[in-house]
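Engineer: Dumping the structure here so I can ask a few things about it.
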Amino acid sequence: MVLGVGSFAHSIGGALADTGARVSTYLTRNYGHFPPSLVGPAYSYSSFPSPVPLLKQNGIEVVIPQSIDWAWQPWAEDLLASGVGIFSPTREAMRIERERDFAQRLCADFKIPFPQAYVASNRLEAEKILAKHPQPFVIKNPLCSPTSPIHTILCETVEDTRAWLRCVNYAEGVFLQEYLGRAEAGHIVLVSGGEIYSLVTNQEYKYAFNGNQGIVAGAPLGGLVERDPDDKYGLARELIHPLRPWLRRVNYHGPLQVTAIKVGQASSLSPSRNKKSETGKMPVPRWHVIEYNIRIGVTSGPMILRMLRNPAETVLRTARNEKLNLRFNEKLNFGCSLTLAGYGYPFTQVRGPHMPLEVDGKFDCDVWWNEVARGADGKLMATGHRIADVIALAPKLDAAIAKAYTNIRKIRVVGSYFRTDIGQSLWPPGTV
């Protein structure tokens with residue numbers, strides 16, 4: 001049972017159903033209800049206040065949450081006590097994503113590079129920090145949640161930071177993280193049976209518009225993954241494996257994603273970390289953690305499940321904290337995900353009417369619907385800001401990108417758009 005809505009539930013459920021799993025969805029939000037119904041029964045939270053009675057009724061073996069918010073629902077303890085596997089870390093282990101300052105302290109304990117970061121409870125404290133440390137900051141909420149009053153605001157100058165500090169919502173305080181540039185990449189592993197299993201290295205295109213311009217959107221506008229069980233870029237080796245003692249202590253089992261910035265090379269880096277040493281040489285490039293996430297990702301998750309030959313078995317064994325035997329589809333080395341955004345996105349306070357959705361030709365890759373519904377006439381219509389995720393996999397990166405673009409151009413909704421430059425920047429990992 002997937003806990004979620006829209007393209008996440010549609011894609012995760014669809015990928016598992018295609019390998020023989022029996023899939024259902026517990027709809028946790030008030031939109032995106034139609035797509036998950038295409039792969040199995042869907043139950044709304046408004047009709048079923050708790051998913052727990054549905055688990056026994058439907059013989060559910062594993063639950064796959066879309067976000068970390070399930071742990072703060074009134075039925076969370078009942079879910080934990082049900083004995084059903086959860087494809088997510090639980091309790092203490094969730095803090096690595098939930099609490100920004102905890103992740104910072106965890107990195108300090110295990111000598112993992114992390115940007116300088118500070119927590120302030122109000123604007124006055126935040127401005128004092130900026131005065132003492134006059135540098136650009138990435139502004140985040142101290143507690144990570146889809147409903148957080150602050151979503152990531154990336155400031156590239158001191159003036160940007162100062163301007164934003166005047167208008168953010170300080171209801172939960174503010175987390176100020178040193179800006180280290182744009183040489184970002186991620187890596188996703190599964191932790192199970194006390195071991196760490198690398199899956200993919202990934203890139204998320206978080207800016208709303210071509211050229212990595214505009215604001216950081218609520219969810220990425222595109223993504224790339226490279227099958228990487230050997231961790232060829234060193235992200236897991238440097239930033240996840242050192243956490244092994246803590247992972248075992250808190251009985252961590254589930255996905256773990258690290259997002260990092262490579263620092264110490266010629267690019268738009270933090271000046272303080274880009275200075276030459278006394279020998280006149282630039283510092284050796286090194287990954288610095290930006291954040292950890294405890295999910296396989298909205299963009300990466302569907303591609304990972306397609307790359308695996310045994311996705312249902314892998315999910316179930318991870319939820320049970322058992323040793324894994326990862327088996328990959330050898331020819332699916334790369335994946336490309338494109339998002340078709342709707343009217344007004346990423347400025348979600350701007351909304352348009354429900355619009356007709358037209359498809360010109362047959363798809364030859366995955367298309368996962370998001371804020372889409374079927375009208376009374378049986379035709380599809382776009383109902384919100386994110387319309388679809390188009391995902392293609394191939395032996396080579398260029399082929400995956402080309403196939404994704406060929407298919408997304410078959411969809412037409414007035415006022416919609418997609419980025420046309422995925423893969424032209426931020427790849428290979430660690431480059432701008």
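Engineer: Given the condition more than 27 Å from Ile215 (Cβ to Cβ), of a type in the set (Asp, Glu) and either touching a helix residue (DSSP H, G or I) at 6+ places or on another chain (Cβ under 9 Å) or surrounded by fewer than 16 Cβ atoms within 10 Å (Cβ to Cβ) (or both), answer yes or no: does some residue in the range 403-426 qualify?
Structural biologist: No, the range 403-426 contains no residue that is more than 27 Å from Ile215 (Cβ to Cβ), of a type in the set (Asp, Glu) and either touching a helix residue (DSSP H, G or I) at 6+ places or on another chain (Cβ under 9 Å) or surrounded by fewer than 16 Cβ atoms within 10 Å (Cβ to Cβ) (or both).
Engineer: Has the range 193-209 got at least one residue that is in contact with a Phe, Trp or Tyr (Cβ under 9 Å, 6 or more places away or on another chain), of a type outside the set (Gly, Ala, Ser) and surrounded by fewer than 20 Cβ atoms within 10 Å (Cβ to Cβ)?
Structural biologist: yes
Engineer: Just for the range 53-74: of the residues that are under 13 Å from Leu27 (Cα atoms) and of a type in the set (S, T, N, Q), which one is surrounded by the most Cβ atoms within 10 Å (Cβ to Cβ)?
Structural biologist: For the range 53-74, the residue satisfying everything is Gln66.
Engineer: I'd like the full set of residues that are within 24 Å of Pro36 (Cα to Cα), surrounded by fewer than 19 Cβ atoms within 10 Å (Cβ to Cβ) and touching a helix residue (DSSP H, G or I) at 6+ places or on another chain (Cβ under 8 Å), limited to the range 325-364.
Structural biologist: Matches in the range 325-364: Phe363, Asp364.
Engineer: Of the residues Val284, Val289, which is at pLDDT 95 or above, within 20 Å of Tyr233 (Cα to Cα) and not in a helix (DSSP H, G or I)?
Structural biologist: Val289
Engineer: When the residues of the range 155-177 are filtered to those that are among the β-branched types (Val, Ile, Thr) and in a loop (DSSP other than H, G, I, E, B), which remaining residue is surrounded by the most Cβ atoms within 10 Å (Cβ to Cβ)?
Structural biologist: Ranking the candidates gives Val168 first.
Engineer: Of the residues Tyr26, Tyr31, Tyr43, which is free of Cβ contacts under 8 Å to residues at least 24 places away in the same chain and surrounded by 15 or more Cβ atoms within 10 Å (Cβ to Cβ)?
Structural biologist: Only one candidate qualifies: Tyr43.
Engineer: Taking the range 138-183 as the region of interest, how many residues are of a type in the set (Asp, Glu) and over 20 Å from Ser121 (Cβ atoms)?
Structural biologist: Number satisfying all stated conditions: 3.
Engineer: Could you list, in sequence order, all residues of the range 103-113 that are crowded, with 19+ Cβ neighbours inside 10 Å and either assigned by TED's automatic domain parsing to the domain that holds Ile261 or farther than 22 Å from Ser148 by Cβ (or both)?
Structural biologist: Ile112
Engineer: Checking Leu180 against (1) assigned to a loop (DSSP other than H, G, I, E, B); (2) surrounded by fewer than 22 Cβ atoms within 10 Å (Cβ to Cβ): exactly one of these is not met. Which one?
Structural biologist: (2)
Engineer: For Ala392, work out the one condition from (1) farther than 21 Å from Tyr345 by Cα; (2) touching a Ser or Thr at 6+ places or on another chain (Cβ under 6 Å) it doesn't fulfil.
Structural biologist: (2)
Engineer: Which one of Ala392, Ala373 is in contact (Cβ under 8 Å) with a residue 24 or more places away in the chain, part of a strand (DSSP E or B) and over 22 Å from the mean Cα position of the chain (by Cα)?
Structural biologist: It is Ala373.
Engineer: Search the range 75-102 for residues being over 23 Å from Ser50 (Cα atoms) and in contact with a Cys (Cβ under 9 Å, 6 or more places away or on another chain), and hand back the single one that is surrounded by the fewest Cβ atoms within 10 Å (Cβ to Cβ).
Structural biologist: So, considering only residues that are over 23 Å from Ser50 (Cα atoms) and in contact with a Cys (Cβ under 9 Å, 6 or more places away or on another chain), the one surrounded by the fewest Cβ atoms within 10 Å (Cβ to Cβ) is Glu99.
Engineer: Are any of the residues in the range 346-366 outside any strand (DSSP E or B), over 18 Å from Ala15 (Cα atoms), under 18 Å from the mean Cα position of the chain (by Cα) and not assigned by TED's automatic domain parsing to the domain that holds Phe34?
Structural biologist: The answer is yes, given that some residue of the range 346-366 is outside any strand (DSSP E or B), over 18 Å from Ala15 (Cα atoms), under 18 Å from the mean Cα position of the chain (by Cα) and not assigned by TED's automatic domain parsing to the domain that holds Phe34.
Engineer: To continue, here is another question. For Thr152, indicate whether it is touching a residue at least 24 places away in the same chain (Cβ under 8 Å), more than 30 Å from Thr28 (Cβ to Cβ) and surrounded by 14 or more Cβ atoms within 10 Å (Cβ to Cβ).
Structural biologist: No.
The values are calculated or read from the model by the stated rules, or taken from the named source; none is laboratory data. Note that this is a predicted model, so its numbers are computed, not measured. As a convention, Cβ positions derive from the backbone with ideal geometry for all residues, glycine included, and neighbour counts pool all protein chains shown.
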